[in-house]
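Structure first, then comments.
The values are calculated or read from the model by the stated rules, or taken from the named source; none is laboratory data. Here the structure is a predicted model, which is why all the values come from computation and not from measurement. We place every Cβ from the backbone using ideal geometry, glycine too, and count neighbours over all the protein chains shown. Accessible surface is based on the protein model in full, side chains and every heavy atom, while ligands, DNA and RNA are left aside. Shrake-Rupley method; radii C 1.70, N 1.55, O 1.52, S 1.80 Å.
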Amino acid sequence: MSCLESWPEPVVRVQHLLDSGIKEIPERYVKKPCDRPSLITESATSEMNIPVIDLQDLFSDDDLLRQTTVSLVDSACREWGFFQVVNHGVHHQLMAAIREAWREFFHLPLEEKQKYANSPSTYEGYGSRLGVEKGVPLDWSDYFFLHYLPISLRDEKKWPKLPVSCRELVGKYSKEVVELGGKLMKIFSTNLGLKENYLQEAFGGNENIGACLRVNYYPKCPQPGLTLGISPHSDPGGITLLFPDENVSGLQVHHKNNWVTVKPLPNAFIVNLGDQLQVVSNANYRSVEHRVVVNAEKERVSLAYFYNPRGDIPIKPAEELITEDNPPLYPCMTFNEYRLYIRTRGPRGKAQVESLKSPH
Ligand code: OGA
Ligand code: NI
């Protein structure tokens, strides 16, 4: 698709827009009144929070303890599509170190970051928008996107050289997070009534799944009530493992017609289901819309790890879940084909996965 080769207009880095000293945000970032957030205040005392699950007992020899955890995961998937996990096996020190390394990256001079400026053909590198339609509304964030798996797509030269620790940390962190993703895939498979390795194999098998990291940088915003850090969207892939900024809330999950603000726990991951799990599970599990609110006083850095199907294999509802009463809801397509939609049009709620539904 030739329209994906380059951006339709010069890319503006939100961070440097802010550094230029503006007091009002440009029109392109202002959302329609009905799409604007209600701001997160420190005094917001909503009792609602996404479920928190301790994964410690997954590794227990006690079947009952293990089964309890597995059931909690299943309820969280069905009721929320979003949950936090603690005792997940990823080293806390590594988490803290990688977040600070990325914060340092975003604080480097613009010229250094521009060396990694991305294009919409692969999205790898330093970016500031999704979607290539000219004139589309923009979100208040910059990001860095890179591939870890499949190995054929891994190219460490495209990862930041500075700060000097960055490449090594990305390698170590990716290994641990991908391992956690694999464990969750087994639990999800079993909970759906599939063979333990079903999802992993459907996604291409161990070394062939798609694993990529998107580091989001949300600069402070002089008018946070008018814009969003990321517009409502569901994640297109399989599972997302998000390491949010513990010091600043921002992520909101659409639940029963409300936007619920996630209160991040220290060292936890936020896990959410993406569109490809909705497809393979034939909507037994559903991806969930979420968005990000920005803040006038504090910047925010989050690391979103996407555990996806390999791009070029066909993905379709699991035959085991298809019956006369439950016909397949989605046609077969590759993740590369699927992903073109969000890459062309930018975040649009759950419009994409819903538009796929085959007429029955
Ligand atoms: C994403 C995302 C949420 C966040 O990158 O897809 O939803 O809190 N990020 O940064
Ligand atoms: Ni997301």
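Out of the stretch 101-128, which residues are open to solvent by 20 Å² or more (accessible area, probe 1.4 Å), within 27 Å of Ser234 (Cα to Cα) and in contact with a strand residue (DSSP E or B) (Cβ under 9 Å, 6 or more places away or on another chain)?
At the first step, the residues of the stretch 101-128 found to be open to solvent by 20 Å² or more (accessible area, probe 1.4 Å) are 103-104, 107-112, 114-117, 119, 121-122, 124.
Filter again for within 27 Å of Ser234 (Cα to Cα), leaving 103, 116-117, 119, 121-122, 124.
Once the filter is applied, which keeps residues that are open to solvent by 20 Å² or more (accessible area, probe 1.4 Å), within 27 Å of Ser234 (Cα to Cα) and in contact with a strand residue (DSSP E or B) (Cβ under 9 Å, 6 or more places away or on another chain), the stretch 101-128 yields Arg103, Tyr116, Ala117, Ser119, Thr122, Glu124.
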Of residues in the stretch 252-279 being open to solvent by 10 Å² or more (accessible area, probe 1.4 Å) and within 18 Å of His88 (Cβ to Cβ), the one nearest to ligand 2 (Cβ to nearest atom): Pro264
Residue satisfying condition, being assigned to a strand (DSSP E or B) and of a type outside the set (Gly, Ala, Ser), within set Phe105, Phe83: Phe83
Positions within the stretch 214-229 being within 12 Å of ligand 1 (Cβ to nearest atom) and buried (at least 23 other Cβ atoms within 10 Å of the Cβ), in sequence order: Val215, Asn216, Tyr217, Tyr218, Leu228, Gly229
Per-region count, the stretch 242-274, residues away from ligand 1 (no atom under 12 Å from the Cβ) and not in a strand (DSSP E or B): 8
Checklist (1) open to solvent by 10 Å² or more (accessible area, probe 1.4 Å); (2) closer than 19 Å to Asn272 by Cα applied to Ser234, failing item: (1)
Hits in the stretch 165-205 - residues which are open to solvent by 10 Å² or more (accessible area, probe 1.4 Å) and of a type in the set (Phe, Trp, Tyr): Tyr198
Test: residue in the stretch 74-91 that is over 29 Å from Arg343 (Cα atoms), β-branched (Val, Ile, Thr), open to solvent by less than 20 Å² (accessible area, probe 1.4 Å) and touching a residue at least 60 places away in the same chain (Cβ under 8 Å): yes
Single match in Leu228, Leu199 (criterion: within 16 Å of ligand 2 (Cβ to nearest atom) and touching a residue at least 24 places away in the same chain (Cβ under 8 Å)): Leu228
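From Glu299, Glu246, which residue is of a type in the set (Asp, Glu), farther than 22 Å from Asp35 by Cα and open to solvent by 20 Å² or more (accessible area, probe 1.4 Å)?
On the way: Glu299 fails: farther than 22 Å from Asp35 by Cα.
After ruling out the rest, the residue left standing is Glu246.
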Qualifying residue in the stretch 143-154 (condition: charged (D, E, K, R), closer than 30 Å to Ala283 by Cβ, out of contact with any helix residue (DSSP H, G or I) (no Cβ under 6 Å at 6 or more places or on another chain) and open to solvent by 50 Å² or more (accessible area, probe 1.4 Å)): no
Close pairs from the stretch 311-328: first open to solvent by 90 Å² or more (accessible area, probe 1.4 Å), partner hydrophobic (A, V, I, L, M, F, W, C) and in a helix (DSSP H, G or I), Cβ under 9 Å, at least 6 apart: Lys316/Ala202; Lys316/Val279; Lys316/Val280
